């Protein structure tokens, strides 16, 4: 096999150094071009953006090449490469550890910086665009600095190493490892662009409505990828980790959830900005907060601070990330303090019972939710720093606070789609909400009939039915008027996303409250029953190859198809990884895991059975969210920025102006 | 700035952004200060509710497939070392334990040293001891009940139990021969004095 | 200001008595559902319930239920033994594990002293923000009768005069 034998490392490092220089000069050319109002200097920044992007691509390709050719002269390949890893997992091993994932982040960031530079090259003389581009160069510079400094992926390793342990066994189990990290990272990095434009708006003291449309598109695009990435993460947790759940509120998951929460608040409140011209500074703050939270999240998960608050200063990358986070936050706060009042628009919201009022309530709720998640994640750090003892803030804390917040949000989803802008009367509401409310009652009746218990899940089902009714009402009315166009555009796509969210909430409520589980010791040929299903052990399967030995059991469910939960022992890491096997249907999932110790010769095996209702609804809801996001990105009716936004609502139709 | 306009009193409104930004800045600054300024912790407290109390019941088999029962070791000082062949501090302290064990063998009333295997396979442990010496008994703990009984989550940990079966000391992390000798002498003196 | 006028379809159907009926039906169904018992727990479900309250002592805040670390597996086995023995209830088993391993195995800190802040802060933030929102709405309601000042009118005229694509001048 062709080995790069020491060339790949220096080439990759050279690319990174060139990219670092490119980002630096790009920043300088933006700033100098702005000051001197020199168009030629500003156009130079395009070249530098392209240079940085090409360097990032080159570095990433060099890393993949080194990984594929098993170039063990590099320290990183010694850490995560192996001759016995299959090709797919070897390819994805590049982002299985810190240095490689920073490289992937950098790739996305450099490409997006180049995209911004090229897309707006005609407007580069506008200080707002130049400032935004400069901000992106600063961020790119920082990440290039990380790869050149503390997180160097091309660092040479010990001499004479010819094989490695391969990536973490949990990352060699499922093809999702090819999709989940890149999609998530595109979501994270994508929020850099709206952030850059927010900084540009603050620096120049202007907020043209035209830029709002552009940044809103990017924010929606990034939000969509982040949402899908998080859902894929939940699926991975379910299919691979074997504890039968989708979300454990651990710090890595919380780090991805925090920017999602502020991002969701933004895509709602920006509609108020478009319609009424209000909440501009609040929206800028949300964009800044979303970006800052992506940096904070990376810091929390990569610096080791969560193992011990003192570990972070021992790690190389922690102080860099913390410093960058500090710079971003301080600079943003200074800018907001200085410019915020100039950008604030006068205006009032007439009544809390209006769509603006609902969006405001939505934002308050999301802000509180973000605070809760952030507090729970960093509270152990604060306690350890102040009082030198270790505590844990785990799932029960987050669940008990997130559930009431979620229920109130479901309630908002019930009434907001039917609320008109400006003001609504109770008469109007009672008219429009009538059939949706009966949908909610019907959902509750079905749940009670099927034997559901517990006030929280029942409330979730009721409000879920109610909100689905409200969303469907909007879609039905829109398609009636506009045929297929009734399914695209912000409001309609948004309703489809809402339905997806409702399906996920209902699935979560059902599976959290009504999961049944049992451990069964199965003897070959003797069926056991649990939860209305029978399980029969029909055989053992043992497999082994160079990287792992596996033992699987064949379990026939209800006398039909066999399912194979397994335990894999990875030889080089000495680690056992259990893989579950799932029988899915629309009403429930039957989730099987194999419990150690397994003795094939004894004709007996211990399995754990989980019966989880409605899990498939969660994945269907996720797909609906993706579809709805794509549909929402379709352009709706264009509005001229100078159209008065608070025109009286026409009385001809009861649903008000479209979108 | 308007002197009379929609939005509330001008005095506050004109500076609202600055005020809020400063408030947020103070909170974030506090967070930073707390994290950065806190002093490094001392070694993790080796407290345990078992100290001064009877040791838990320990019944298991050794790697040589002999029965082991802690209660039958009454009359001798017993030292438990919870270990795992892959953990780095365990490997680092191993030569110290070997030296300690050899010194004890030469003494009059030797302290009995036992290794409690924590989440490791028999073969790996045997291979480790073959490569690194150490001929004391190794006790199996397949279901982890001994580790849980003592509250051991991370290895290595070393425990000292007196001849009456009471737990006297707990060390978290790697130990040295000198540390063990020193503490053991203290405890034995106190024990004789009772 | 004209409020949208609802188109009255079948006014009697959507009237107040029907809403009252809906409310009563909902409350009854909720009461039935919330009131009834879920049925006996299997042994495994009881173990799962307890392990979901304990934190793995060597992980980053994962519960024993979720974690596959060896310390977590050991604790899981102990909980299983205790549940099978049937002599202790859930609280006592949690207390037993807490006694052995210390407070770090509790997945939620006890609400005493400094740790209670983790509950107090979210609630107070929620109360404050809702109060702030209410106060803002009240202020806006008060201002609905205000007349725009000449400065406001001038600002509007200036902004309407600007073309949307014109960025030549940067406002000072």
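Taken together, the values in this text are just the output of simple stated rules run on the coordinates, not laboratory data. Quantities reported herein were computed from a predicted structural model and do not represent experimental measurements. Glycine gets a Cβ as well: all are built from the backbone with ideal geometry, and neighbour counts include every protein chain shown.
If you plug the beta carbon distance of residue C:87 and residue A:485 into 1/(1 + (r/R0)^6) with R0 = 60 Å, you get a FRET efficiency near 0.35. The alpha carbons of region A:512-558 occupy a box of 41, 30, 16 Å along the principal axes, longest dimension given first.
Shape summary: region B:103-174 maps onto an equivalent ellipsoid whose semi-axes, from the alpha-carbon gyration tensor, are 21, 19, 11 Å in decreasing order. Rounded to whole Å, the principal axis extents of the Cα atoms in region B:59-193 read 43, 27, 25, largest first.
Tell me, rounded to the nearest percent, the portion of alpha carbon pairs in region C:43-108 spaced more than 19 Å apart.
Of all Cα-Cα distances in region C:43-108, 18 percent exceed 19 Å.
For region A:213-284, the alpha carbon positions stretch 49, 19, 14 Å along the principal axes, listed from largest to smallest. Pairwise Cα separations in region A:60-137 fall into 10 Å bins from 0 onward with the following percentages, short to long: 18, 36, 18, 18, 10, 1. For region A:157-233 and region A:415-480, what is the separation of their C-alpha centers, rounded to whole Å? Taking the Cα centre of region A:415-480 as reference, the centre of region A:157-233 is 35 Å away.
Share of pairwise Cα-Cα distances greater than 20 Å in region A:115-270 is 62 percent (whole percent). Average projection, convex hull of the Cα set of region A:108-171: 6.9 square nanometres.
Please compute the alpha carbon radius of gyration of region A:342-439, then divide it by the globular-protein estimate 2.2 N^0.38 Å. Two decimals is fine. For region A:342-439, the normalised Cα radius of gyration comes out at 1.53.
Could you work out the per residue convex hull volume over the alpha carbons of region A:130-217, in cubic angstrom?
Dividing the Cα hull volume of region A:130-217 by its residue count gives 125 Å³.
For region B:52-127, the Kirkwood hydrodynamic radius comes to 13.9 Å, computed from all pairs of different C-alpha atoms. Label residue B:53 and residue C:159 with points 7 Å out from Cα along Cα→Cβ: what is the distance between them in nm? About 7.0 nm separates the two model spin labels. The long axis of helix B:16-37 is offset from the longest Cα principal axis of chain B by roughly 20 degrees.
If the viscosity is 1.306 mPa s and the temperature 10 °C, what Stokes-Einstein diffusion coefficient in µm²/s follows for region A:516-613 when Rh is the Kirkwood radius over Cα pairs?
D = 116 µm²/s.
The helix-based estimate of mean residue ellipticity at 222 nm for chain A, built from -39,500 (n - 2.57) per DSSP H run of four or more residues and divided by its residue count, is -20500 deg cm²/dmol to the nearest 500. Using R0 = 41 Å, the C-beta based FRET efficiency linking residue B:22 and residue C:31 works out to 0.20.
Gyration tensor analysis over the Cα atoms of the protein assembly as shown returns equivalent ellipsoid semi-axes of 54, 37, 28 Å (largest first, whole Å). Over all distinct Cα-Cα pairs of region A:1-164, the Kirkwood formula returns a hydrodynamic radius of 16.3 Å.
If you take the Cα centroid of region A:12-86 and the Cα centroid of region B:134-194, the two points sit 54 Å apart.
Once the Kirkwood radius over Cα pairs is known for region A:383-469, the Stokes-Einstein relation at 25 °C and 0.890 mPa s delivers a diffusion coefficient of 161 µm²/s.
Distance between the pseudo-spin-label points of residue B:31 and residue A:564 (7 Å out from Cα toward the beta carbon): 4.8 nm.
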